[in-house]
Amino acid sequence: QVQLVESGGGLVQAGSSLRLSCAASGRTFSSYAMGWFRQAPEKERVFVAAIGWNGGITYYADSVKGRFTISRDNTKNTVYLQMNSLKPEDTAVYYCAADRNWSAPKTATRYNYWGQGTQVTVSS
């Protein structure tokens, strides 16, 4: 089992950058593929980015490709989401998630463990 805690959210202006972090508990962090999802008010949770066990494989939603970068440091049990050129439409609660099998990297329901989320608000 793994417990996840996100941090790094905040209120920024359009065009700014933020780096989200997700710290995982436990000694088996490298056994989990990790994903970032986001949920805007009154909308469903959607895929943002995902990264494989050793960081060699990554996936991105089309809406963030070229602006966001997912990475992980298995020595620190942490996954990151670097967000550049932020837009008002990036406003949402951002969640990290862990999945041991990673059979569907872009599907929220396939992830076993979730953090509590961190709010990102981008003003125009």
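The values are calculated or read from the model by the stated rules, or taken from the named source; none is laboratory data. Since the model is a prediction, treat every value here as computed from it, not as a measurement. Here Cβ is always computed from backbone atoms with ideal geometry, including for glycine, and neighbour counts include all displayed protein chains. All accessible areas refer to the heavy atoms of the entire protein, side chains included, with ligands and DNA or RNA removed. Shrake-Rupley method; radii C 1.70, N 1.55, O 1.52, S 1.80 Å.
Can you find even one residue in the range 53-67 that is surrounded by 21 or more Cβ atoms within 10 Å (Cβ to Cβ), touching a residue at least 24 places away in the same chain (Cβ under 8 Å) and assigned to a strand (DSSP E or B)? Scanning the range 53-67, I find no residue that is surrounded by 21 or more Cβ atoms within 10 Å (Cβ to Cβ), touching a residue at least 24 places away in the same chain (Cβ under 8 Å) and assigned to a strand (DSSP E or B), so the answer is no. Looking across the range 73-124, just one residue is among the basic types (Lys, Arg) and either within 13 Å of the chain's Cα centre (by Cα) or open to solvent by less than 60 Å² (accessible area, probe 1.4 Å) (or both), and that is 106. So which residues in the range 68-83 are in contact with a Gly (Cβ under 9 Å, 6 or more places away or on another chain), touching a residue at least 40 places away in the same chain (Cβ under 8 Å) and either of a type in the set (Val, Ile, Thr) or assigned to a loop (DSSP other than H, G, I, E, B) (or both), if there are any at all? 74, 77, 79 - these are the residues of the range 68-83 that are in contact with a Gly (Cβ under 9 Å, 6 or more places away or on another chain), touching a residue at least 40 places away in the same chain (Cβ under 8 Å) and either of a type in the set (Val, Ile, Thr) or assigned to a loop (DSSP other than H, G, I, E, B) (or both).
Do you know which residues across the range 11-38 are within 16 Å of residue 68 (Cβ to Cβ) and within 15 Å of the chain's Cα centre (by Cα)?
17, 18, 19, 20, 21, 22, 34, 35, 36, 37, 38
Within the range 21-42, the set of residues being in contact (Cβ under 8 Å) with a residue 24 or more places away in the chain and of a type in the set (D, E, K, R) comprises just one member, 38. Scanning the range 17-52 for residues that are in a strand (DSSP E or B), open to solvent by 30 Å² or more (accessible area, probe 1.4 Å) and small (Gly, Ala, Ser) turns up just one, 23.
Taking (1) in contact with a strand residue (DSSP E or B) (Cβ under 6 Å, 6 or more places away or on another chain); (2) assigned to a loop (DSSP other than H, G, I, E, B) in turn, residue 101 satisfies each apart from (1). If the condition is being closer than 21 Å to residue 108 by Cβ and either modelled with pLDDT under 95 or of a type in the set (Ser, Thr, Tyr) (or both), then the range 4-24 contributes 7, 21.
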